[in-house]
Amino acid sequence: MKICIFWHRRDLRIHDNVGLAAALASGLPVLPLFIYDQEILDHLPDKADARLTFIYDEVEKLAQETEVAGGTFLACYGRPLEVLAQVVQDFDVAAVHTNEDYEPYATRRDAAVAQMLSQHGVEFYAYKDQVIFAKDEIMTKSGTVPKVFGAYLKAYTTKLTADLLEPCDSKKHFTKTHLHHATREKAGPRPTLESMGFARREQYFPPVKLPAEGLVRNYHKTRDTPADEQGSTRESLNLRFGTLSVREVMRQARELNPKLLAEIIWRDFFMMLLWHFPNTATESYDPKMRCVPYRNDEDEFRAWCEGRTGYPLVDAGMRELNETGYLPNRVRMTVAGFLVKHLFIDWRWGERYFADKLLDYDQANNVGNWQWMAGTGAISAPWFRVYSPDNQQAQVDPEMKYIKRWVPEVGTTKYPKPIVEHKFARERAVEAIRAARLAAG
Ligand SMILES: Cc1cc2nc3c(=O)[nH]c(=O)nc-3n(C[C@H](O)[C@H](O)[C@H](O)COP(=O)(O)OP(=O)(O)OC[C@H]3O[C@@H](n4cnc5c(N)ncnc54)[C@H](O)[C@@H]3O)c2cc1C
C-alpha cells in the first residue's frame, strides 16, 4: 500500500502543524518520521547536550501520541539523505511532506533530499509553518529586501489578518484512519540518547504552554528586568523546536500586547534576512566591516566566557548562560556589545559560543542579533555605538538583584578588577573600525 511520510524537524507537535495537516489530507496513510541528524549531532559541544535531551523527550512524546492514535512513529539516527533513501526502500512511499526551514544548511539539505527522492519517483513537499511571512512575501515598495525594521513591521502588521493566525486542523485528523500502522519489526527500534552516544542532561526547560495572560499584558513594562524570571515570555525554546506554534503565540500577543507581537516579528524578520543572505551566517553583511582588525585575544575571550571580566552585568549574564542555557534579551545585548566593542573580539566568536550554550539557539536570530550588536549586519546599531555596561546595569538592575544572584562575590576583594577601562575601550574600537572602513573605501 502506498503511504506518505511526514518528516518532523523544527515542528515537534501534532496540533496546528501545516505540513502534517497537508500529509493527513493527502488521502495516503501517514507515517510520521524524525531523523536525529548526524551532521548536526556530530558538532554538538557536549555529550550531555540539554537541547538534545529536550528534543529526545519531545520526540518520544510524539511517538507515544502517534501510537495512542493508532499509528507508528519512525525515528532514525543518521544523515537525512541516507536515512530517507533507506526509508523509501523499506516502505512504498509516494510522497514526503515537511515544513520549510530557512537556514543555509537546511535549504541545501532539502534541495539534495528533493533531488534524491525525485530519482525514486517520490514527491517532496515543504510548507510554510514556522513563520507567518517568509522569503520575499514582504518586500519594500521598490521590490528590494527590507532592511528597516520599522517599515517591515508596518507592512507586516498591515498584512497580518486574523485568518492567517487560525490554527490548522492537523490534530483533528491525526487518527487511525489517516495514519499508517507498521509493525515494530518493520519500523525498527527508536534510537535512545545512549544508542546515539549521548547522555541525558538534567536542565530546567520552560513548560510547553503559552505564557500567562498577566505576564503578556505587562510584558512591555517587565521585559527589561532581568531579575524578574516572569518578566518575559520564555517562549523562545518552544518556538525554536516548534513545540508551540507561531500562530498560537502570535494570536495571544496580537490580542494582548502589541510590543510583544513586534518582538516575535523580529524572528520572522531575521529568518527572512538569512534566507536572502545565507553568506551572513558566517560573514559580515556590510562589506566595509569585513576587514575590521579584531584583537581576538584568547585569554580575554575566556574571561568573557567564564564571567570574569570585572563588569558585574556582563559576568552575571555569562554565568547565567553557562548554568541555565538562557539569558534575558537586554543581558544578551550587554554581553554581546561588550565582547565586540570593549574586548574588540570578532562577533563570530561570540555567535559560536552562544550557539554552543543557548537552549533557544536559532541561527537566524543569533546571527542577526550578533551582527546588529557588532554594527556589521543588514540591519544594525550604528558601528560607532558602544554601550556602557555600567549604564546598562544602572538601568536594568539598579538594586543589583540579578547581579547578586549570579555574582555573589561582587563588591568583595574576590571579584576581579575591570578587564579594560570603558572609555579607553570605546575609543580603541571606534578608531580601529573607522580606519578599517576608510581603508575599505
Ligand atoms: C546577541 C543576541 C543573540 C540572540 N540569540 C538568539 C537565539 O539564538 N535564539 C533566539 O530565539 N533569540 C535570540 N536572541 C533574541 C532574544 O534575546 C531572545 O529571543 C529572547 O531573549 C528569548 O526570551 P523570551 O522568549 O523570554 O523573549 P520575549 O522577550 O518574551 O520575546 C518573545 C519572542 O519573540 C522573539 N524575539 C524577541 N526578541 C527577539 C530578537 N531580538 N530577535 C529575534 N527574535 C526575538 C523570540 O522568539 C522570543 O521568544 C538574541 C539576542 C541577542 C542580543
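What the table shows:
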{"item": "nm² value of the averaged projected area, convex hull over the Cα atoms of the chain", "result": "22.6"}
{"item": "Burial order of peptide ranges 366-373, 101-108 (average beta-carbon count within 10 Å, highest first)", "result": "366-373, 101-108"}
{"item": "Electrostatic dipole magnitude of the stretch 1-130 [Cβ: Lys, Arg +1; Asp, Glu -1; Cα centre; debye, to 20]", "result": "200"}
{"item": "Within the accessible area of the chain (1.4 Å probe), percent carbon and sulfur", "result": "53"}
{"item": "Principal semi-axes in Å for the stretch 1-130 [√(5λ), Cα gyration tensor, largest first]", "result": "22, 18, 14"}
{"item": "Sparse-neighbourhood loop sites, trypsin sites (Lys or Arg not before Pro) in the stretch 189-228 - DSSP loop, at most 14 other Cβ within 10 angstrom", "result": "K209"}
{"item": "Over the stretch 47-197, relative contact order from alpha-carbon pairs under 8 Å, at least 6 apart, %", "result": "35"}
{"item": "Nearest-20 debye value, the chain charge dipole, Cβ charges on Lys, Arg, Asp, Glu", "result": "1080"}
{"item": "Rounded to the nearest 10 Å², the accessible area of E399 at probe 1.4 Å", "result": "130"}
{"item": "Solvent accessible area, Å² - H120, 1.4 Å probe, full protein context", "result": "90"}
{"item": "Hz values of 3J(HN,Hα) by residue in the stretch 247-260 - Karplus curve (6.51, -1.76, 1.60), Gly and Pro given as x", "result": "5, 5, 5, 6, 4, 4, 5, 5, 6, 10, 7, x, 5, 5"}
{"item": "Convex hull volume of the stretch 189-280 per residue (C-alpha atoms, cubic angstrom)", "result": "169"}
{"item": "Where the Cα pairs of the stretch 86-127 fall when distances are cut into 10 Å bins, in %", "result": "29, 54, 17, 0"}
{"item": "Of the chymotrypsin sites (Phe, Trp or Tyr not before Pro) in the stretch 184-237, those whose Cβ has at most 15 other Cβ within 10 Å and which sit in DSSP loop", "result": "Y204"}
{"item": "Of every Cα-Cα pair in the stretch 283-435, the percent that sits beyond 28 Å", "result": "14"}
{"item": "Cα pair count fraction exceeding 21 Å, expressed as % - the stretch 312-387", "result": "17"}
{"item": "Separation between Cα centres of the stretch 351-369 and the stretch 34-57, rounded to whole Å", "result": "15"}
{"item": "Label-point separation, E298 to K47 (7 Å along Cα→Cβ), nm", "result": "2.5"}
{"item": "Whole-angstrom gap from the stretch 145-200 to the stretch 270-286, using each part's C-alpha centre", "result": "24"}
{"item": "Dipole moment magnitude, nearest 20 debye, the stretch 283-435 about Cα centre, only Lys, Arg, Asp, Glu C-beta charged", "result": "300"}
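The values are calculated or read from the model by the stated rules, or taken from the named source; none is laboratory data. The structure presented is a predicted model; accordingly, all values stated were derived computationally and were not measured. Here the Cβ is made from the backbone with ideal geometry for all residues, glycine too, and neighbour counts use every protein chain on show. In case anyone asks, the SASA skips ligands and DNA or RNA and just uses the protein heavy atoms, side chains included. Shrake-Rupley method; radii C 1.70, N 1.55, O 1.52, S 1.80 Å.
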